[in-house]
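Enquirer: Got a structure here, written out as structure tokens. Questions coming.
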Amino acid sequence: MDDRKPWIRPGRPRRTKRTALIVALFTLGLCVIGAAGLGLSSLQTVQRADDPVRDTADSFLREMIAGDTAAAYGRLCADARTRWSEQGFTAWVRTPPLLAAYQIEKVTVATHEGRPRGTVRVQLSRDAGPGQNRELTVIPEDDAWRVCGDPW
């Protein structure tokens, strides 16, 4: 009889540090990819929020130049419409010097007291006199963005 012990395969050395490092790097990579995706999504949301604010201010100012004060008055928020009657607003808009042109310079959207609020910086040119820098406040109201505050 053979007294030799049967052959046994030698055990592999454990590499727990290497495995832990690979798992940690994989997890870190997932976090970085997730953060980048969230940041990109937030950026797109903010950029999309700028568009309706810009469009509202642009339409309001175009209507003011065209003399369509009824349409421009309809773009005012409820608070502004309580301070101005439509007739008073029309008289005020048609008082010289009249708005001749405008250029939207910057649009920002931020949250103020839990509600979104847009600010549109615009350069106004009148038919007489120097140009004027103004900021229009635009807020969401009744499922639309509306110009609020003193638009002139």
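The values are calculated or read from the model by the stated rules, or taken from the named source; none is laboratory data. This is a predicted model, so every value here is computed, not measured. Cβ sites come from the backbone with ideal geometry, for glycine too, and all protein chains shown count toward neighbours. Accessible surface areas use protein heavy atoms only, side chains included; no ligands, DNA or RNA. Shrake-Rupley method; radii C 1.70, N 1.55, O 1.52, S 1.80 Å.
Enquirer: Hey, any hits in segment 112-129 for a residue that's over 18 Å from Arg146 (Cα atoms), touching a helix residue (DSSP H, G or I) at 6+ places or on another chain (Cβ under 6 Å) and not in a loop (DSSP other than H, G, I, E, B)?
Expert: Within segment 112-129, not a single residue is over 18 Å from Arg146 (Cα atoms), touching a helix residue (DSSP H, G or I) at 6+ places or on another chain (Cβ under 6 Å) and not in a loop (DSSP other than H, G, I, E, B).
Enquirer: Something else about it: Search segment 78-90 for residues that are open to solvent by less than 70 Å² (accessible area, probe 1.4 Å) and pair each with any residue that is among the polar types (S, T, N, Q) when their beta-carbon atoms are under 9 Å apart and the residues are at least 6 apart or on different chains.
Expert: If the second residue must be among the polar types (S, T, N, Q), the pairs left are Phe89/Thr69; Thr90/Thr69.
Enquirer: Among the residues of segment 13-67, count how many are within 30 Å of Ser125 (Cβ to Cβ), small (Gly, Ala, Ser) and at pLDDT below 90.
Expert: Result for segment 13-67: 1.
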